[in-house]
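Okay, structure first, notes after.
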Amino acid sequence: MNVDYPVVLGIALVVTVAAVVGYVVLARQRTAALAAAGLSPGGGRLRRHLPYVLLLAALPLLLVGLARPSAEVTVPRVAGTVILVFDASNSMQATDLKPSRLAAARKAATAFVENQPSSVDIGVVVFGDQALQTQRPTDDHDLALAAINRVGGTGGTSLGQAILASLSSITGKPVSLPADPSAPVGDDLGYWPSASIVLFSDGEENGGTDVSSATALAAAAGVRIQTVGVGTAGGTTVEVDGYQLATALNSQQLTTIAQATGGKYLKADDADGLADSTRSIDLRLTSKREPLELTAPFAGAALVLLVVGALLMSRWHGRIV
């Protein structure tokens with residue numbers, strides 16, 4: 001236990017000892033005076049002394065409360081870092097979710113951010129052929145929302161590169177796959193159990209960084225990937241450079257990524273359902289040591305003793321003091 005004014009504790013000790021000594025002396029003098037007059041104190045020892053003992057016990061509690069005591073307690077809270085990752089490839093312009101897959105993903109991500117406490121730092125990464133960090137993790141959620149609103153779409157898809165860019169954002173340093181495939185995975189990244197990646201994508205992959213290796217790197221670093229499927233299994237067509245290309249939700253790819261890191265795959269059949277589904281994303285529950293001021297408990301305990309002592313004094317002796 002810590003106190004803001006330790007000198008008050010010394011004063012409390014001196015005053016309490018003086019009060020107790022004074023009470024003992026007065027009680028003995030009263031008993032001697034009654035004995036000299038041939039009278040008995042009357043009542044048992046408990047009745048004679050308990051009300052005063054309670055009143056005296058309240059005194060140090062009140063004084064300790066004035067010293068502003070506090071203690072550190074472990075407080076559970078939702079905390080950590082979340083990187084929202086948006087697939088900005090050409091296929092995300094498809095309209096099997098209205099008004100488009102990308103617009104639906106932005107809506108879902110916005111709903112997610114608005115439901116997070118300030119203890120969660122949120123960053124934004126956008127990817128197509130390459131990945132670009134548009135907002136570093138921050139507890140200023142307005143900045144994250146502004147970055148989400150700026151997300152646009154073009155190009156191909158590299159899920160693996162998106163995961164590496166997200167890990168770079170979490171660790172604060174460039175992350176790449178080891179050149180030697182036999183080298184240990186993730187040994188130099190550290191362990192980040194309070195970090196999560198939320199990947200909004202239709203799951204279509206057009207090459208680039210190997211997604212399985214990137215996923216293994218995230219798992220080794222303790223980072224879970226929650227995937228959110230954007231699109232429908234039936235799919236639709238999208239026009240790219242004058243060509244009509246078929247595109248559909250690849251839920252198997254997204255499920256594999258999530259399960260490999262201990263995360264979850266979420267899906268929805270429409271934009272509103274997709275926004276609702278992000279509320280079930282499982283963030284880490286962590287704990288933090290925080291100071292808890294104990295002035296009120298000490299004062300409350302002293303007040304109880306004073307009230308009980310006064311009531312007993314009134315009932316047993318017919319007076320409050």
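Derivation of every value follows stated rules applied to the coordinates shown; laboratory data play no part. Computed from a predicted structure; not experimentally measured. FYI the Cβ positions are ideal-geometry reconstructions off the backbone, even for glycines, and counts take in every protein chain you see.
Things worth noting here:
- DSSP beta bridge pairing in the chain, given as percent antiparallel to the nearest 5: 50 percent
- Histogram of C-alpha separations across the chain, 20 Å bin width, %: 27, 31, 16, 18, 8, 1
- For the stretch 129-246, the square roots of the Cα gyration tensor eigenvalues, ordered a ≥ b ≥ c, give a/c of at least 1.5 with a/b no greater than b/c, which places it in the oblate category.
- Of the DSSP H helices in the chain, those whose Cα atoms cover at least 24 Å axially and whose Kyte score averages 1.0 or more: 6-36, 45-66, 295-317
- Solvent-free Debye scattering, log10 I(q)/I(0), computed from the Cα coordinates of the stretch 49-139 at q = 0.14, 0.18, 0.23, 0.26 Å⁻¹: -0.69, -0.91, -1.14, -1.24
- If you take the alpha carbon atoms of the stretch 56-199 and fit the smallest convex hull around them, that volume is 168 Å³ per residue.
- Mean ellipticity per residue at 222 nm, deg cm²/dmol - from DSSP H runs of n ≥ 4 across the chain, formula -39500 (n - 2.57): -14500 deg cm²/dmol
- On the beta carbon distance between Ala33 and Thr74, with R0 = 56 Å, the FRET formula returns roughly 0.50.
- Highest average packing first - 289-296, 225-232, 167-174, Cβ atoms within 10 Å: 225-232, 167-174, 289-296
- If only the Cβ of Lys and Arg carry +1 and only the Cβ of Asp and Glu carry -1, the dipole of the stretch 66-216 around its Cα centre is close to 520 debye.
- Computed FRET value (nearest 0.05) for Asn149 with Ala233, which takes r as the C-beta separation and R₀ as 30 Å: 0.55
- For the listed peptides 87-94, 115-122, 9-16, 76-83, a ranking on the average number of other beta carbons within 10 Å per residue, highest first, reads 87-94, 76-83, 115-122, 9-16.
- Extension gain, Thr138 to Ala296, is 53.4 nm, computed as 0.36 nm per intervening residue step minus the present C-alpha separation.
- Positive end of the dipole of the chain (Cβ unit charges, origin at the Cα centre): among Ser100, Thr261, Ser176, the Cα lying farthest that way belongs to Thr261.
- Residues Val308 and Asn115, FRET efficiency given R0 of 45 Å [Cβ-Cβ distance, rounded to 0.05]: 0.45
- Mean Cβ neighbour count within 10 Å, used as a protection proxy, ranking 192-204, 130-142 highest first: 192-204, 130-142
- Distance from the stretch 212-247 to the stretch 111-145 (C-alpha centre basis), Å: 19 Å
- Site pair Gln252 and His49 shows an inter-label distance of 8.4 nm when each label is modelled 7 Å from Cα along Cα→Cβ.
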